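> Would you mind keeping the following structure in view while I ask a few things?
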Amino acid sequence: MKRKYLLISIILLFAMVGWQKVVKAQDKTAMEIIKAADNKMQGESNIGTLTMKIIRPSWQREVKFKSWSKGKDYSITLITYPAKEKGQSFLKRGNEMWNWNPVIGRMIKLPPSMMSQGWMGSDYSTDDILKESSIIVDYEHSIMGIDTIEGIVCWKILMIPKEDAAVVWGKQIKWISKDTYFQLKTEYYDEDDYLIKTEKAGKIKKMGDREIPTYIEIIPEDEQGNKTVVIIDEIEYNVKIPDNFFSQQNMKRLR
């Protein structure tokens, strides 16, 4: 009889622990989920090398680049391939964004209107690369419900831009995995609530001190056969990068 009660007690204990985990997960706010997902992918800082494939019905093009990022305010992206665009760089420092083109020897300040344009002819916007807007700071977040992406249970998060936010999108919907905080899918809508493009992520790999999706695909809604793929070849997180690294002078020196 004692063994029976002991077994029942153990079962109840495990059930309580499991229930506490469920309640704790349900208690997460949308903001906490977005923060955790953003930190998972960005860290406090990171240095990465990436390959972008621009795919069209009749042609394909490949661009390789290196990126340095620190918090919300600093990022530099350097094109390393193809040869004709090698050395071109993009800088975000605070609210200012710049492009250095070594071929013409010219530094150009990027206006906010360029943030929605395709970067290097891809389906990624300049805002996607330079991250002018912040998914944490510039949006109001709410949990729409629970959904699955290829069998993985995800929070479905609605992101509506704040009134004074300088953002490209009218809204975003993100699917974030409950156990790992991977951003597995994002839908981007314009101000008229039309779906413009869908981002999907996969091929989870260990990169630096964490596992992240390393294969990201952008598919525009109204351009059949078009898509852009970004592959994270290498990335290192929480690297010490001084603020003065992100300067116009350094844009010209990067190799």
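> Using the Karplus curve 6.51 cos²θ - 1.76 cosθ + 1.60 with θ = phi - 60°, work out ³J(HN,Hα) for each residue of segment 179-192 in order, rounded to whole Hz, and write x for Gly and Pro.
After applying 6.51 cos²θ - 1.76 cosθ + 1.60, I find 8, 10, 6, 7, 7, 8, 7, 9, 10, 10, 10, 7, 5, 8 Hz.
> Below 8 Å, C-alpha to C-alpha, sequence gap of six or more: please give me the relative contact order for the chain in percent.
20
> Here is a further query. Once the other residues with Cβ under 10 Å from the Cβ of W119 are scored (Lys, Arg +1; Asp, Glu -1), what is the net sum?
Value of the local net charge: -3.
> How high is the relative contact order of segment 137-255, in percent, counting Cα pairs under 8 Å that sit 6 or more residues apart?
13
> If you don't mind, there's one more thing I want to ask. How large is ³J(HN,Hα) for each residue in segment 110-125, as worked out from phi by the Karplus curve 6.51 cos²θ - 1.76 cosθ + 1.60 (θ = phi - 60°), to whole Hz, x for Gly and Pro?
Each residue of segment 110-125 in turn: 8, x, x, 5, 7, 5, 8, 6, x, 7, 6, x, 9, 8, 7, 7 Hz.
> Multiply the residue gap between K178 and Y215 by 0.36 nm, knock off their C-alpha separation, and tell me the result in nm, one decimal place.
11.4 nm
> Could you tell me which GluC sites (Glu not before Pro) in segment 120-223 are loop residues by DSSP with no more than 15 other beta carbons within 10 angstrom of their beta carbon?
E150, E163, E191, E221, E223
> Report the Cα centroid-to-centroid distance between segment 71-91 and segment 211-255 in angstrom, as an integer.
So the two Cα centres are separated by 9 Å.
> Provide the net charge surrounding G48, with neighbours chosen by a C-beta distance below 9 Å and charges set as Lys +1, Arg +1, Asp -1, Glu -1.
With Lys, Arg at +1 and Asp, Glu at -1, the net is -2.
> If the chain between D222 and S116 were fully stretched, how many nm would it gain, using 0.36 nm times the residue separation less the Cα-Cα distance?
Result for the pair: 36.6 nm of gain on full extension.
> Run the helix sum for the chain: -39,500 (n - 2.57) per DSSP H stretch of 4+ residues, divided by residue count, reported at 222 nm to the nearest 500 deg cm²/dmol.
Only helices count here, giving -6000 deg cm²/dmol.
> Now a separate question. Of all the Cα-Cα pairs you can form in segment 30-253, what percent are over 22 Å apart?
52
> Can you list the HN-Hα couplings for segment 207-214, worked out from phi with the Karplus curve (6.51, -1.76, 1.60; θ = phi - 60°), rounded to whole Hz and with x for Gly and Pro?
Listing the rounded values in order: 10, x, 9, 7, 9, 9, x, 10 Hz.
Only the coordinates and a few stated rules stand behind these numbers; no lab work does. As the structure is a prediction and not an experimental result, all values here were calculated from the model. Virtual Cβ from ideal backbone geometry, glycine too; neighbours counted across all protein chains shown.
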